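Below: one structure, written as structure tokens.
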């Protein structure tokens, strides 16, 4: 049995910062590439725990998540749901299984935090976070040219 590691503030803050950076970077990707790319990312996450310590039970998550990911190619809501499902699978790995990164015992908890935060962004239809900044700059530039 796996013992949960000692947690520090950075074990919580680091994944939260990474989630914000992820959403900011993804905001730079135009549609429909952004949705397609993120559906591929969440599809890839289905296999990360296949040797995660729960034997044949590891096959359960990919079997459940694959249809959700399929619908993610058409809807951010399904991508968000798939990331929430992955976060739910991260927690048993943190407490009882093997961490996602063997060299970092808190990595599964960090993954759960990251996945939950980005899922919120996806459930909000992944709004571009830079659009207002760029729109304001473009409007100011057009006004200066007149």
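Read-outs throughout are calculated quantities, based only on the coordinates presented, and are distinct from any laboratory measurement. Every value quoted in this text rests on a predicted model; they were computed, and no experiment measured them. In this analysis, Cβ positions are derived from the backbone assuming ideal geometry, glycine residues included, and neighbour counts consider all displayed protein chains.
Panel order for 108, 75, by other beta carbons found within 10 Å of each beta carbon, from fewest to most: 75, 108. This ranking places 115, 90 by how few other beta-carbon atoms lie within 10 Å of each, fewest first, which gives 115, 90. Look at 122, 71, 54 and count the other Cβ atoms within 10 Å of each Cβ; fewest to most, that gives 71, 54, 122. If you take the Cα centroid of the stretch 13-35 and the Cα centroid of the stretch 74-88, the two points sit 15 Å apart.
For the chain, the longest principal axis of the alpha carbon atoms and the long axis of helix 9-27 meet at an angle near 40°. The Stokes-Einstein estimate for the stretch 44-84, based on a Kirkwood radius over Cα pairs and taken at 10 °C with 1.306 mPa s viscosity, is a diffusion coefficient of 150 µm²/s.
Relative to the longest principal axis of the Cα atoms of the chain, the long axis of helix 60-72 lies at roughly 10 degrees. For the pair residue 34 and residue 95, the difference between a 0.36 nm per residue extended length and the Cα-Cα distance amounts to 18.7 nm. For residue 73 and residue 51, the FRET efficiency from 1/(1 + (r/R0)^6), where r spans their Cβ atoms and R0 equals 22 Å, is about 0.20. At the listed q of 0.17 Å⁻¹, the Debye profile of the chain, built from one uniform point per Cα, gives log10 I(q)/I(0) equal to -0.94. Once the Cβ-Cβ distance of residue 125 and residue 6 is raised to the sixth power relative to R0 = 25 Å, the FRET efficiency obtained is 0.10.
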